[in-house]
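Peer 1: Okay, here's the structure, questions in a sec.
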Amino acid sequence: MGLLSSVFKKNDQQKPADVAKAEITKKEVKPVVDKITVGHVHMSGCTGCLVSLADNYGGLLTILDKYADLVYGLTLADVRHIPKMDVALVEGSVCINDKLSVEEIKQTREKAAIVVAVGGCASYGNITRFCRGGQQNQPQHEAFLPIGDLIKVDVYIPGCAPTPQLIRNVCIMAYLLLKGSPEQKALATNYLKPLMMAAQKGTSACFCDLMTEVIDQGLCMGCGSCAAACPVRAITHEYGKPQGTRDLCIKCGACYNQCPRSWFSFDVVPEYESIMELIDTVMK
Ligand code: SF4
Ligand code: SF4
């Protein structure tokens, strides 16, 4: 008898009542956790941030199994209108030639308790700032704005694309902020505070902020992301460090929000071990 036929035979022998009982037992042992609701709102961008989110593999499945229900997401959830949700992860910038996109981002703000700008395009426009229309399938799309220029944003996740771990950690911290114990809420607040402050600065940050908060603090690692992000070439790299030409700066926030060190906080350092232990515990 082959392997498959022996499996079928075994299943045939199982009576419906046994199956029902097994399912009830399975439901009883599953821990009941007060989940948060999360939506992924996809505006204009390359979808790299969604790929980064998916790169959490088992970690993403753990979050969706234990802590968060996905209530909105193109191709991920069969929902047409933005529902009420605890956390909206917004990827991409807003095409202001497209009324539906403008309406969608406003709806997102109305329906979500916490709005997170995921990645460069949502945070400061990134590559979409260079778009001048004429794309083959959408030629009328020629002007894009970061979401913070249209709605209030609570948290920025910088990077193009942000790391999978950073997106995962923000999801966990949002859960702990909303559903955790007072101690967990305090740790989550500490972790999220620099990302909240980045959101408050929004696109009004400039090279001076990068200078005072990153370069002068000895945090710059010379990666060149700021120079690459500047749309007017106001930043050059000399001797491995960025130099800004302030007269050229249009104060767009691109360099600050693309810098992987701009949201580093010395205040979080003493808490870092406890935060990492908490993340480990939550993901087990
Ligand atoms: S113009 Fe360049 S230097 Fe000025 S804020 Fe934008 S990215 Fe930074
Ligand atoms: S992006 Fe930040 S860390 Fe990288 S070179 Fe610019 S200031 Fe330094």
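Peer 1: Hey, can you tell me all the residues within the stretch 50-61 that are of a type outside the set (Gly, Ala, Ser), surrounded by fewer than 17 Cβ atoms within 10 Å (Cβ to Cβ) and in a helix (DSSP H, G or I)?
Peer 2: Val51, Leu61, listed by residue number.
Condition check ((1) assigned to a loop (DSSP other than H, G, I, E, B); (2) under 20 Å from the mean Cα position of the chain (by Cα); (3) among the polar types (S, T, N, Q); (4) within 16 Å of ligand 1 (Cβ to nearest atom)) across all residues:
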{"site": "Lys193", "(1), (2), (3), (4)": "no, yes, no, no"}
{"site": "Asp209", "(1), (2), (3), (4)": "no, no, no, yes"}
{"site": "Gly218", "(1), (2), (3), (4)": "yes, no, no, no"}
{"site": "Ala227", "(1), (2), (3), (4)": "no, no, no, yes"}
{"site": "Lys251", "(1), (2), (3), (4)": "yes, no, no, yes"}
{"site": "Ser262", "(1), (2), (3), (4)": "yes, yes, yes, yes"}
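Peer 1: Just to verify a result, which residue in the stretch 197-207, among those that are more than 10 Å from ligand 1 (Cβ to nearest atom) and either of a type in the set (A, V, I, L, M) or in contact (Cβ under 8 Å) with a residue 24 or more places away in the chain (or both), is surrounded by the most Cβ atoms within 10 Å (Cβ to Cβ)?
Peer 2: By that ranking, first place goes to Ala198.
Peer 1: Taking only pairs six or more apart or across chains, which ones have beta-carbon atoms under 7 Å, a first residue in the stretch 208-228 that is within 12 Å of Gln243 (Cβ to Cβ), and a second residue that is assigned to a helix (DSSP H, G or I) and more than 10 Å from ligand 1 (Cβ to nearest atom)?
Peer 2: Cys220/Val214
Peer 1: When you look at Val87, is it assigned to a strand (DSSP E or B) and modelled with pLDDT of 95 or more, yes or no?
Peer 2: Answer is yes for this residue.
Peer 1: Another question about this same structure. Among the residues of the stretch 233-265, write down those that are more than 15 Å from ligand 2 (Cβ to nearest atom) and either in the same structural domain as Lys185 (by TED's automatic domain parsing) or surrounded by 20 or more Cβ atoms within 10 Å (Cβ to Cβ) (or both).
Peer 2: none
Peer 1: How many residues are β-branched (Val, Ile, Thr) and outside any helix (DSSP H, G or I) when one looks only at the stretch 160-191?
Peer 2: Total satisfying the criteria: 1.
Peer 1: Could you identify the single residue in Ile151, Ile147 that is crowded, with 21+ Cβ neighbours inside 10 Å and modelled with pLDDT of 95 or more?
Peer 2: Just one listed residue meets the conditions, Ile147.
Peer 1: Next question, about the same structure. If you take the residues in the stretch 208-220 that are surrounded by 13 or more Cβ atoms within 10 Å (Cβ to Cβ) and not β-branched (Val, Ile, Thr), which one is farthest from ligand 2 (Cβ to nearest atom)?
Peer 2: Among them, the one singled out is Cys208.
The values are calculated or read from the model by the stated rules, or taken from the named source; none is laboratory data. This one's a predicted model, so the numbers in the text were calculated from it and none came from an experiment. Neighbour counts are summed over all protein chains in view; Cβ atoms, including those assigned to glycine, are modelled from backbone coordinates with ideal geometry.
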